[in-house]
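Input: a single structure, listed below in structure tokens.
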Amino acid sequence: MSARKTSLTDKQAKNGTSKYVLERCASVNEYYDIAFKVMLLGDSSVGKTCVLVRFKDGAFLGGNFIATVGIDFRNKVVDIDNLKVKLQIWDTAGQERFRSVTHAYYRDAQALLLLYDITSKMSFDNTRAWLTEIHEYAQTDVVIMLLGNKADMTAERVVKTEDGEKLAKEYGVPFMETSAKTGVNVELAFLAIAKQKHSARKKHHGAAVTLWTHHPQGELSGSGAM
Ligand SMILES: Nc1nc2c(ncn2[C@@H]2O[C@H](COP(=O)(O)OP(=O)(O)OP(=O)(O)O)[C@@H](O)[C@H]2O)c(=O)[nH]1
């Protein structure tokens with residue numbers, strides 16, 4: 001496959017949406033209570049960038065496939081338990097040759113969305129290798145979710161829903177099928193993983209945790225106990 005040097009923004013620019021550059025900068029200082037780093041992982045072309053763009057902008061990046069080079073990120077603030085949770089979402093390159101770049105980011109991730117493509121048996125089989133890699137490089141308390149993407153492509157499906165469920169059960173992780181094209185379950189998946197991380201964090205820190213609220217102007221103020 002011939003991957004060009006590109007990034008998420010390049011992909012969007014290619015699709016005639018250069019306004020994304022401005023929106024991305026504008027959202028950086030958005031108000032939030034806590035922040036989680038979420039990484040998207042999985043083979044090349046399973047739909048990681050498309051899932052991220054669907055979640056962030058509600059759009060589908062159809063057309064020619066342009067592989068991500070290295071890593072890029074975008075932010076989105078969601079509401080969980082009356083808290084503003086900023087998800088800093090890292091979109092990684094699925095191609096093997098960029099693996100050493102993405103390894104460096106694993107240790108900072110608090111949540112991982114591992115994707116396969118329901119029309120590609122190989123991408124499904126490779127999730128085991130991804131899970132081994134996660135085990136090797138990620139934090140021990142990282143929360144993981146398995147996603148079978150391209151659920152809209154029913155005629156081309158080669159991985160049964162039950163197989164995804166079975167694998168997820170084996171590794172003790174939640175599972176969903178998503179479609180970046182139709183949007184099915186995309187928001188739900190991000191919210192589910194953020195909720196899971198938030199619950200784990202609450203359990204770990206106990207009841208008396210003070211949250212620091214980040215205002216757009218840059219001041220900090222304590223927002224009480226959870
Ligand atoms: N029908 C359908 N096509 C999808 C879906 N998600 C992604 N695609 C298509 O699959 C191709 C690959 O999508 P990307 O999001 O670029 O894949 P990726 O996982 O980011 O690939 P890398 O950047 O190489 O890691 C593109 O042609 C997309 O239009 C989906 O849910 N349904």
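The numbers here are math on the coordinates, done by the rules we state, and not lab data. It should be emphasised that the depicted structure is a prediction, and the values quoted were computed from it without experimental measurement. Counting neighbours? That spans all protein chains shown, and the Cβs are built from the backbone with ideal geometry, glycine included.
At full extension, D125 and N82 could sit 11.6 nm farther apart than now, given 0.36 nm per residue minus the alpha carbon distance. Place a point 7 Å from Cα of E133 in the direction of its Cβ. Which residues in the stretch 160-174 have their backbone N less than 12 Å from it? Backbone N within reach: none found. Stretched out straight at 0.36 nm per residue, the stretch from V184 to E162 would grow longer than its current Cα-Cα span by 6.1 nm.
Each distinct pair of alpha carbons in the stretch 24-225 adds a 1/r term; the inverse of their mean, the Kirkwood radius, is 17.5 Å.
A cut-off of 5 Å between modelled amide H atoms, ignoring neighbours fewer than 5 places along the same chain, links A35 with K86.
In this structure, the residue pairs whose Cα-Cα separation is over 22 Å, taken from K76/K169; K56/K181; K121/K181; K76/K121, are K76/K169; K76/K121.
Shape summary of the stretch 137-190, radius of gyration then Dmax from alpha carbon positions: 12.3, 38 Å. Taking Cα centre as origin and charging only the Cβ of basic (Lys, Arg, +1) and acidic (Asp, Glu, -1) residues, the dipole magnitude of the stretch 24-225 rounds to 160 debye. Using the Cβ-Cβ distance between H204 and A155 with R0 set to 45 Å, the FRET efficiency from 1/(1 + (r/R0)^6) comes to roughly 0.50.
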